[in-house]
Amino acid sequence: MTPSVLIVGGGPVGMTLASELTRYGVGVRIVDQAAQRTDKSKAMVLWSRTLELLDRGGTQGAASFVDAGFKVEGVTFVAGNEVVGRVAMDAIPSVHAYALAIPQSETERLLEERLVEQGLTVERSTQATSFTMGADGVEATLQRADGTQETVWADWLVGCDGAHSAVRHALDMPFAGETLLSDWFLADVHMTGYPRTDTDASIHWHSDGVLLIFPIQAGRYRIIGDLPYTDAKTAPVPTLEQVQALVDRRGPAGTTLFDPVWLSGFRINGRKVAAYRQGRAFLAGDAAHVHSPAGGQGMNTGMQDAVNLAWKLALVVHGRAEEALLDSYSSERSAVGDEVLKAAERLTSVATLKNPVAQGVRNAVGRLLLGLPSVSHGVADTMSEVAIHYANSPLNGPSAREGVRPGERVPPVAGQVPVGAGVAPQFALFAEPSAAIDDIVTEFGDLVEADVRPALHAGTISLVRPDGYLACSAAKPEAIAAYLARIATHADRAPVAKRAQHA
Ligand SMILES: Cc1cc2nc3c(=O)[nH]c(=O)nc-3n(C[C@H](O)[C@H](O)[C@H](O)COP(=O)(O)OP(=O)(O)OC[C@H]3O[C@@H](n4cnc5c(N)ncnc54)[C@H](O)[C@@H]3O)c2cc1C
């Protein structure tokens, strides 16, 4: 099959993209060099914003993920033996006000099940080995484990092929950044004696370094900590006894670790490409950005890259929007990538301070700030990614004086079909009924949902993008029509759109 879009990499980001594009009726092929999905727990959390976006697809929305996961309600910060503060997740302004602990292997299983429901298979044991970029598409060579080879042509190529991305190398995009000079360990273990409720994670700031304990399910935990740098080629894998000794020293007293599921060592890279698009090719997920696991943002940010790209690509592939729409993918998601990278660096350096004076200042300031509800809510909103916005997006249109600003998230409402769900990538109009609004729906029926939703503010018309961010808001319908005319393909438009376009 000649696909419109060839996705290289069937990890969480590639599968999210494949699912979104397939739902929107775009012909997709997705290949992965590995014979099987990962069986590792790697990314342990799905944050509120990712769950909101998963609600837009599949027959069950995010419910299948929630059922397979474990709700974490708070994060307690501890310095020595003293609790410094707690960030509560139930205050997150979301229909999913918690952190969902779920091993990456489970997230990938559920994403693959979603794809199977949609009739799409990840072509495994299939490596994309070379790419020739053309003005109107890309040719790729696929090498299968059985020795067969295929040359495939696709209108668009997306590299979701992880940190060592072959697509990124083919595009010759520098992956600028650095590797931190510290070793880290990761232990996925069972444990008794944890002094907090099982639904709370804890971050222990110790004079030796940091220790993070994150519940995976009742009695099972992910434990992460930093170690002095060794110049070994890779960070050493710890034994269970070594992890127990580190927990005894830096963490709560009286715990017993047993039955390890996964023990690993890793180093932290903070790297990112400058642009996520080059001609007919895009990068998403770890192919575009990697950072410290502090804050647990890597996979979630990548899955949201995929959601951002999918509706834009679908509109362009279906000929409903001008190709210029695709440029906003890089500017929006690269800005988010920069923010996530900076935040992860900050969190890591604060947690791993070695100077005793600086540690004392951190503990005192942490106690003061985390005691302020506005600060602790802000931390929860940032971690859960509901605070992500596109304030400087080239896609932002005019703004009414009240309410959400263009580029900001319009929170989904419990019981309402989320914007962007369904089989077409459509904007949603939130407005009071009027003949002018009906005209917009008629005129831009290929871009806008047929059903107008209740106004978000009296006297204001709000246009929400298929990924749930505000495109523009205005009192006058002409401003909304002009915005849509700017996005829409200009051929075959009815006269009202042509007028609005020149308004
Ligand atoms: C130890 C560890 C702990 C982590 N903890 C967290 C965490 O707590 N929270 C968090 O959000 N993130 C965490 N991460 C990061 C998270 O795992 C990644 O961000 C996530 O896997 C990125 O997904 P991806 O789909 O972009 O890339 P990947 O998961 O790397 O998937 C890329 C896929 O592409 C395939 N591929 C590569 N090259 C080719 C090719 N040429 N042809 C075909 N297929 C190819 C690979 O086989 C792979 O399946 C952790 C990672 C590690 C290693």
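The values are calculated or read from the model by the stated rules, or taken from the named source; none is laboratory data. Quantities reported herein were computed from a predicted structural model and do not represent experimental measurements. Note that we place each Cβ from the backbone using ideal geometry, even for glycine, and neighbour counts take in every protein chain shown. Each accessible area value is taken on the protein alone, full model and side chains, heavy atoms only, with ligands, DNA and RNA left out. Shrake-Rupley method; radii C 1.70, N 1.55, O 1.52, S 1.80 Å.
The figures follow:
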quantity	calculated
Dimensions (Å) - segment 389-503, Cα atoms, principal axes, largest first	38, 29, 25
Order by protection proxy (mean Cβ within 10 Å, highest first), peptides 156-166, 116-126, 436-446	156-166, 436-446, 116-126
Translational diffusion coefficient (Stokes-Einstein; Kirkwood radius from C-alpha pairs) of segment 181-267 at 10 °C, 1.306 mPa s, in µm²/s	123 µm²/s
Relative contact order (percent, whole number), segment 181-267, Cα cutoff 8 Å, 6+ residue spacing	46 percent
Fraction of accessible area attributable to carbon and sulfur, the chain (%, probe 1.4 Å)	55 percent
Tail beyond 39 Å, pair distance distribution of the chain (Cα, percent)	26 percent
The chain: angle of helix 12-23 to the longest principal axis, Cα-based, in degrees nearest 10	20 degrees
Cα-centred dipole magnitude for the chain, charges only on beta-carbon of K, R (+1) and D, E (-1), debye, nearest 20	860 debye
Among the listed pairs 40/312; 272/312; 42/71; 42/233; 312/476; 233/272, those beyond 28 Å (Cα-Cα)	40/312
Residue-wise HN-Hα coupling along segment 217-226, computed from phi with Karplus coefficients 6.51, -1.76, 1.60 (Hz; x: Gly, Pro)	7, 3, x, 10, 9, 9, 10, 10, x, 9
3J(HN,Hα) from dihedral phi, segment 102-117, Karplus parametrisation 6.51/-1.76/1.60, rounded to Hz, x for glycine, proline	7, x, 4, 4, 6, 4, 5, 4, 6, 5, 5, 4, 4, 5, 4, 4
Residues whose placed amide H lies under 5 Å from that of residue 461, excluding near-sequence neighbours	474, 475
Size of electric dipole in segment 181-267: Cβ of Lys, Arg +1 and of Asp, Glu -1, about Cα centre, debye, nearest 20	100 debye
Bridge type composition, the chain - antiparallel percent by DSSP, nearest 5	75 percent
Residue-by-residue Karplus 3J(HN,Hα) for segment 473-478, coefficients 6.51, -1.76, 1.60, Hz, glycine and proline x	8, 6, 7, 9, x, 4
Hydrodynamic radius by Kirkwood, which averages 1/r over all alpha carbon pairs of segment 274-409, in angstrom	17.1 Å
Candidate residues 131, 185: accessible-area rank, largest first, probe 1.4 Å	131, 185
Calculated [θ] (222 nm, deg cm²/dmol) that DSSP helices of n ≥ 4 give over the chain, each run adding -39,500 (n - 2.57)	-9500 deg cm²/dmol
Surface per residue (accessible, 1.4 Å probe) for segment 389-503, Å²	47 Å²
Prolate/oblate/rounded call for segment 1-56, Cα gyration tensor, a/c under 1.5 rounded	oblate
